[in-house]
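Asker: Can you read through this structure? Questions will come right after.
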Amino acid sequence: MSLTLSRDDIKLLTDRIEAAQLNAKAIPKLTDDYPAMTLADGYAVQLELRRRWVEQGRRQAGWKVGLTSKAKMIQMGVNVPSIGFLLADMARPENSAVRTDDLVHPRVECEVAFVTKARLAGPHCTREDVLAATDFILPAIEIIDSRFAGFKFDLQSVVADNGSSARYVAGGRARYAHELDLGTLGVVMEKNGETVAMAASAAVMGHPADAIALLVKVLDELGEDLPAGSFVMSGGITEAIAVKPGDHVIARYQELGSVSVRFV
Ligand code: 0L1
Ligand code: MG
């Protein structure tokens, strides 16, 4: 991955992303002003954002993988998912009321979350490596919030915007990975009592553990690893569904129970 942005440009673009996130103000995609921006540049901005926030005392809980469904990858013309970091203070309790006034245009996704018990690293991480390093599995809802006006973005901009990460809710029943057929877990998402999406976990790259293996490879390219004790969301099984104040969302997972969240 090669960088085109100068150190000053990386700082300036991080300022833009940080302000958009903190003020919930949509901005144009970054490539409008920096058309030569590469994926490496996007990750450099994301890294600078993470560095600033960790320096301010915010704790990293783990990672998320995004753009993991084949349809979304083909649509974006990419063959790698985006990754983003998750901070502990982005987590919300099960069935809590999530504010929307500090978000731009939130959407929800049903995801399988992995909690790891061993370090994962290197360019050759496999599904089997991921399953062996997994402590347990949780059902989750990710609340994404692209900071780009009108959802007009490209991969570089989305990566700089931390993969649209905003909030996440885990709940349901924790299960050991070996007790589940992780490739065929069904999920139904309801909004205000109506079914709005349904799919099986195979939609995530064939098997959600493959998304975690890809995350580890991307981390390796960035010179990082996935430490034991990480909370990792493997990518949307269903399409992302827009939410607004007053909405109540429940994701019902086969074998894993349900997770719900309200919006105010
Ligand atoms: O979690 C995701 O798949 C996020 C993808 C980024 C693009 C979006 O905001 O939909
Ligand atoms: Mg997601």
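The values are calculated or read from the model by the stated rules, or taken from the named source; none is laboratory data. If you're wondering where the values come from, they're calculated on a predicted model, not measured in any experiment. Here the Cβ positions follow ideal geometry from the backbone for every residue, glycine too, while neighbour counts run over all protein chains shown. Heavy atoms of the whole protein, side chains included, go into the accessibility calculation; ligands, DNA and RNA do not. Shrake-Rupley method; radii C 1.70, N 1.55, O 1.52, S 1.80 Å.
Asker: Note down the nm distance, to one decimal, between modelled labels 7 Å out along Cα→Cβ at residue 26 and at residue 102.
Answerer: 2.2
Asker: Here's another thing I want to ask about it. Using the alpha-carbon centroid of each, what span in Å lies between the range 82-108 and the range 110-131?
Answerer: With the range 82-108 and the range 110-131 each reduced to a Cα centre, they are spaced 23 Å.
Asker: Moving on to the next point. Which pairs in the list 152/217; 29/70; 64/217; 64/117; 25/244 are over 19 Å apart, alpha-carbon to alpha-carbon?
Answerer: In this structure, 152/217; 29/70 lie more than 19 Å apart at Cα.
Asker: Tell me which residues come under 5 Å, amide H to amide H, from residue 257 once H is placed; ignore anything under 5 positions away on its chain.
Answerer: The answer is 173.
Asker: Follow-up. Would you mind working out the accessible area per residue for the range 15-109, using a 1.4 Å probe, and quoting it in Å²?
Answerer: Per residue, the range 15-109 has an accessible area of 46 Å².
Asker: Roughly speaking, what is the centre-to-centre gap between the range 46-61 and the range 191-264 when only Cα atoms are used, to the nearest Å?
Answerer: Cα centres, the range 46-61 to the range 191-264: 22 Å.
Asker: Taking θ = phi - 60°, what integer Hz values does the Karplus form 6.51 cos²θ - 1.76 cosθ + 1.60 yield along the range 238-251, in sequence order, with x for Gly and Pro?
Answerer: For the range 238-251, the Karplus curve yields 9, 5, 7, 10, 5, 10, 9, x, x, 6, 10, 10, 10, 10 Hz.
Asker: Turning to a different aspect of this structure: Once both labels are modelled 7 Å past Cα along the beta-carbon direction, what's the residue 176-residue 33 spacing in nm?
Answerer: Output for this residue pair reads 5.3 nm.
Asker: Still on this structure, I have one more. Going by a ≥ b ≥ c, the root eigenvalues of the Cα gyration tensor, does the range 118-232 fall in the rounded group (a/c under 1.5), the prolate group (a/b larger than b/c) or the oblate group?
Answerer: Taking the square roots of the gyration eigenvalues as a ≥ b ≥ c, the range 118-232 is oblate.
Asker: Quick one: Karplus J couplings for the range 181-189, per residue in order, coefficients 6.51, -1.76, 1.60, θ = phi - 60°, nearest Hz, x for Gly and Pro?
Answerer: So the J values, rounded to whole Hz, are 9, 5, x, 10, 5, x, 9, 10, 9.
Asker: Using modelled backbone amide H atoms (1.01 Å from N, in-plane), which distant-in-sequence or interchain residues come within less than 5 Å of residue 96's amide H?
Answerer: Result for residue 96 returns 262.
Asker: Another question about this same structure. Starting from the Cα gyration tensor of the chain, take the square roots of the eigenvalues, sort them a ≥ b ≥ c, and report rounded, prolate or oblate (rounded when a/c is under 1.5, otherwise prolate if a/b is larger than b/c, else oblate).
Answerer: Oblate, since a/c reaches 1.5 and b/c is not below a/b.
Asker: Calculate what fraction, in whole %, of the accessible area of the range 89-229 sits on carbon and sulfur atoms when a 1.4 Å probe is rolled over the protein chains.
Answerer: 50
Asker: In terms of modelled amide H atoms, which long-range or inter-chain residues lie less than 5 Å from the amide H of residue 3?
Answerer: Result for residue 3 returns nothing.
Asker: Give a residue-ordered list of calculated ³J(HN,Hα) values for the range 252-261 (Karplus: 6.51 cos²θ - 1.76 cosθ + 1.60, θ = phi - 60°; whole Hz; x for Gly, Pro).
Answerer: Using θ = phi - 60°, the values come out as 9, 9, 4, 6, 10, x, 10, 10, 9, 7 Hz.
Asker: Which of the helices in the chain, when you take each full DSSP H run, stretch at least 15 Å along the axis at their Cα atoms and have an average Kyte-Doolittle score of -0.5 or higher?
Answerer: 39-55, 208-221
Asker: Same structure again: Let me know the shape class of the range 1-122, please: from the alpha-carbon gyration tensor, a ≥ b ≥ c as square roots of the eigenvalues, rounded when a/c is under 1.5, otherwise prolate if a/b is greater than b/c, or oblate.
Answerer: rounded
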